[in-house]
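Below is one structure, written out as structure tokens, with a few remarks after it.
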Amino acid sequence: MQSGFPTIASALAGMAEGRVKAADILQACLARIAALNGTLHAVHYLDEAGARATRTTGPLAGIPWGIKDNFDVAGLPCIANSRLRAGRIAATDAPLVTMLRQTGAPLLGKLATWEYGTGTGAEHFDLPNPPARNPWDTARFTGGSSTGAGVAVATGMALFAIGSDTTGSVRLPAAATGCCGVLMTPGVLPMAGGLPNTYSMDRPGPITWTAEDAAIVLDAVLGSHLRAAGSAGAKGLRVAVVRDPGAGLPAANAELAAALEKGISVLAGLGARITDAQLPWPASTCLDAARVIGAAESASIHEEELAKTPELMGAALRDKLLAGMGVSAVDYLAAQRLRCAFTDAMERFWDAHDVVLCFGTLHLPPRLGVEPESSNYTMETMLTPASLAGLPSLVQCTGFSEGGLPLHWQIMTRQGQEVAMFRLAMAFEAATDWRSRRPA
């Protein structure tokens, strides 16, 4: 255990060898929450009694975790940071919570989120709970909408967290806080029991400190063998490097771009087959389609609330829903047709490539509440192609800026081919030392 910052892999090994007790790991997480949450605002509801009462058997026994406060956990509040749901207590566990309970992992509680897990990218400081703060620089944004998940993992408040992602809400917080955020093939992890944002694109996903830890969590829940397969290394993988986000988006931050090139050199040295490539369509085109689909579907979900109690909504949610009410059926269907066409084009793309390596967001974590920095961080990304086409996707840390902020890249792969994604991510992780650095 590293000064209260174990990885899941090291914690499990320590418990198996008798060097550390599950109770000690839980106590370390609780101590960090007590010391840091008053400043970082990552945890909305702490369930210490429930965590201490968790059974001590299972593949993740003794591994504390948290979940975004838009998923139901029986007996705990689930207000999704909204006055509209004040006082709501969940009656049952979301299916994914049930699956994770069966692994023996003690659930610490509910983590910070934007209102209803959605918004415009802007922070207005007008919600029931204050926005989470980035532990690398508390004046910085944590990424939305799973705002507390990355913070909790990066600081050792939890060893993993579950968020939800529509166009980046798992991967953006992972990028901003130096963690690993993963999306699986749609349907592999259940979204039921989570407050919907955009029915046709919502996916839950884990945030962990390492890609290996993400594989451990997914293996425990799904009975898969990602950790073992991932250890096969990067040799022979056909890696399509996409440096250019395409028309309509700015070039990536220079330090992100430099880290990408250094990382490519590492992968080439490990035997990966690197080729330059371009996505079939610009990422901005995918963003345009996703924004139409997302706004319309969000408005349809919350139409009654918008009509009856708009004054209870925060500005970001209200603005998004109002925009969605203005989307015509013609525009919505056109966006869905574009989505189908892009998905077909990506299916052909995989004939020549195993994985895509590209940027996630194109910016460093911005100053919290400073516009247009926060909105640009959320919107000017290469994350939406994976969202639109339903591709597995992984964001991981590739180093740090001169100012000490996390850098990252994104790996995408074909549906059902998560093994290739984890092979690349775990090989890079094993060949570099970025996981030894934590926020002060």
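Pull up all non-local amide H partners of T398: gap of 5 or more, or a different chain, and H-to-H distance under 5 Å with H placed in the peptide plane.
When sequence neighbours closer than 5 places are left aside, the close amide H contacts are L407, H408, W409.
Report, in cubic angstrom per residue, the convex hull volume of the C-alpha atoms of the chain.
Taking the convex hull of the Cα positions in the chain, it is 122 Å³ per residue.
Cα gyration tensor of the stretch 319-367, axes a ≥ b ≥ c as square roots of the eigenvalues: rounded (a/c below 1.5), prolate (a/b > b/c) or oblate?
Oblate shape, in that a/c is at least 1.5 and b/c is the bigger or equal ratio.
Using a 1.4 Å probe on the protein heavy atoms, what percent of the accessible area of the stretch 52-181 belongs to carbon and sulfur?
Carbon and sulfur: 51 percent of the exposed surface of the stretch 52-181.
Which aspartates and glutamates, if any, have their Cα less than 17 Å from the Cα of K68, not counting same-chain residues under 8 positions apart?
In chain and number order, the partners are D47, E48, D93, E115, D165, D202.
Protein chains only, probe 1.4 Å: how do M325, M346 rank by accessible area, largest first?
Largest to smallest exposure gives the sequence M325, M346.
How much net charge surrounds D319 when only the other residues with a Cβ under 12 Å from the Cβ of D319 are counted, with Lys and Arg +1 and Asp and Glu -1?
Spelling it out: positives minus negatives among the neighbours equals 0.
Expressed in nm², what is the orientationally averaged projection area of the convex hull enclosing the Cα positions of the stretch 343-404?
Mean projected area for the stretch 343-404: 5.4 nm², to one decimal.
Normalise the Cα radius of gyration of the stretch 261-344 by 2.2 N^0.38 Å (N = residues in it) and let me know the number.
1.64
Could you work out the longest stretch of the chain that avoids the chymotrypsin sites (Phe, Trp or Tyr not before Pro) located in DSSP loops with at most 16 other Cβ atoms within 10 Å?
For chymotrypsin sites (Phe, Trp or Tyr not before Pro) (loop position, at most 16 other Cβ atoms within 10 Å), the longest site-free span of the chain is 200-440.
In square nanometres and to one decimal, what's the mean projected area of the convex hull around the Cα atoms of the stretch 5-45?
That works out to 3.2 nm², a quarter of the Cα hull's surface.
Can you give me the relative contact order of the chain as a percent, contacts being Cα pairs under 8 Å and 6 or more apart?
In percent, rounded to a whole number, it is 18.
Check the straight Cα-Cα distances from K262 and name the aspartates and glutamates below 16 Å, setting aside those fewer than 8 residues away within the same chain.
D276, E402, E429, D433
Please list, in order along the stretch 384-400, the HN-Hα scalar couplings obtained from phi with the Karplus expression 6.51 cos²θ - 1.76 cosθ + 1.60 (θ = phi - 60°), rounded to whole Hz, x for Gly and Pro.
5, x, 5, 5, 5, 8, x, 8, x, 8, 9, 10, 9, 6, 10, x, 9
For the stretch 1-111, with only Lys/Arg (+1) and Asp/Glu (-1) charged at the beta-carbon, what is the dipole magnitude about the Cα centre, in debye rounded to 20?
Rounded to the nearest 20 debye, it is 160 debye.
From the P(r) of the stretch 247-400, can you give the percent of Cα pairs sitting at distances over 24 Å?
Working: 5406 of 11781 pairs.
Above the 24 Å cut-off, the stretch 247-400 has 46 percent of its Cα pairs.
Cut-off 10 angstrom, C-alpha nodes, Gaussian network model of the chain. Which of V241, V327, V151 fluctuates the most?
Maximum among the listed residues: V327.
Give, as ranges by residue number, the residues of the stretch 231-260 whose backbone N falls under 19 Å from the point 7 Å along Cα→Cβ of I274.
Counting backbone N atoms under 19 Å from the label point, the list is 233-245, 252-260.
Which whole-Hz couplings ³J(HN,Hα) result when phi for each residue of the stretch 294-306 is put into the Karplus expression 6.51 cos²θ - 1.76 cosθ + 1.60, θ = phi - 60°, listed in order with x for Gly and Pro?
Listing the rounded values in order: x, 5, 5, 5, 4, 5, 5, 5, 10, 4, 5, 5, 5 Hz.
What translational diffusion coefficient, to the nearest whole µm²/s, does the stretch 325-440 have by Stokes-Einstein, given a Kirkwood radius computed over alpha-carbon pairs, a temperature of 4 °C and 1.567 mPa s viscosity?
79 µm²/s
Report P(r) for the stretch 11-118: all Cα-Cα distances, bin width 10 Å, range 0 to the bin holding the largest distance, values in whole percent.
Percent of pairs per bin, in order: 15, 44, 32, 9, 1.
The values are calculated or read from the model by the stated rules, or taken from the named source; none is laboratory data. Just so we're clear, the structure is a prediction, and the values are computed from it rather than from any experiment. Please note: Cβ atoms are built from the backbone with ideal geometry, for glycine as well, and neighbour counts cover all protein chains shown. Just so you know, the surface numbers come from the protein's heavy atoms only, side chains and all, with ligands and any DNA or RNA stripped out. Shrake-Rupley method; radii C 1.70, N 1.55, O 1.52, S 1.80 Å.
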